[in-house]
1. Pull out the extension gain between Val234 and Ala139, defined as 0.36 nm times the separation in residues minus the alpha carbon to alpha carbon distance; nm, one decimal.
2. Hey, what do the phi angles of segment 104-114 turn into as Karplus ³J(HN,Hα) couplings, whole Hz, using 6.51/-1.76/1.60 and θ = phi - 60°, x for Gly and Pro?
3. Suppose the chain between Glu112 and Leu95 were pulled fully straight at 0.36 nm per residue; how much longer would it get relative to their current alpha carbon spacing?
4. Once label points are set 7 Å from the Cα along Cα→Cβ at both Tyr66 and Thr220, what is their separation, rounded to one decimal in nm?
5. Of Lys6/Lys48; Lys6/Lys52; Lys54/Lys129; Lys52/Lys129; Lys48/Lys129; Lys48/Lys126, which ones are farther than 32 Å apart at the Cα?
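Derivation of every value follows stated rules applied to the coordinates shown; laboratory data play no part. Keep in mind that what you see is a predicted model, and the values were worked out from it rather than measured. Methodologically, a virtual Cβ is constructed for each residue, glycine included, from the backbone with ideal geometry; neighbour enumeration extends over all protein chains shown.
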Amino acid sequence: MHPAIKIVNLMIFSVFITQGGWQTLFIGVFLLLPFYLLNSHLWASAIKMISKLKWFFLSIITIYYYYTPHLEASQQTISYINEGLTLGLFRILLLVVIIFAVNLFIKNTLKEEILSALLWLFSPLKLLKIDISLFLLRAVITLEYIEVLSQKLTQYKNNHPLQPISYSKNVIINNIKQKHQAFTHLIKHSGIILLEILKESESTSGQSYVITHLDAPMATQFILPIGLCFLFFVSL
């Protein structure tokens, strides 16, 4: 499939998922499930991405719980609490489904293909005298150094493990100590690695990047995004 069509499909999927209800959500799950059942290796990376957002998900539940209107009557209050939790859970499930879709796209599309597809998609902006090459150059550098940052952070954490702390009998105090140590450790080595990457980026000035110009997709490939639009539009 043409990389540009993949991007268009992902955009259509994400937009309609966020605008629909439970029926649209179930359709999205139904569309993604066969890919994950046939490619079991996709689960690990998707779950890893979701686990990094656990505190964000918790904040969503908390916000929907506390900002849902409460009435004086106990029965009505319980009803509103349930409604707030249901809305929060629904928003979390939307994000989870979108993450699974993004993970599927990333694992089946090379970085070079993504950049080439963006070049093809944004090519009409040349008529407005917008420099597409500059935009893509920044995208290339961003993607490149995000990977470098992740690798260096992992390497630094492996070489500089957390120091053991003295434990008390209070479990809550132990947890607070662990969280505080992990947080300060993260800030410390993140700053060090960021400075190293900035120095490295300055030393690589003048490096050339090549992005392949893609041909237009076959007309038959446009059937899939049109079909997605129709399917989601009917479900709204």
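1. 30.7 nm
2. 4, 5, 5, 6, 10, 9, 6, 4, 5, 5, 4
3. Full extension of this stretch gives 3.5 nm more.
4. 5.6
5. Table pairs above 32 Å Cα-Cα are Lys54/Lys129; Lys52/Lys129; Lys48/Lys129; Lys48/Lys126.
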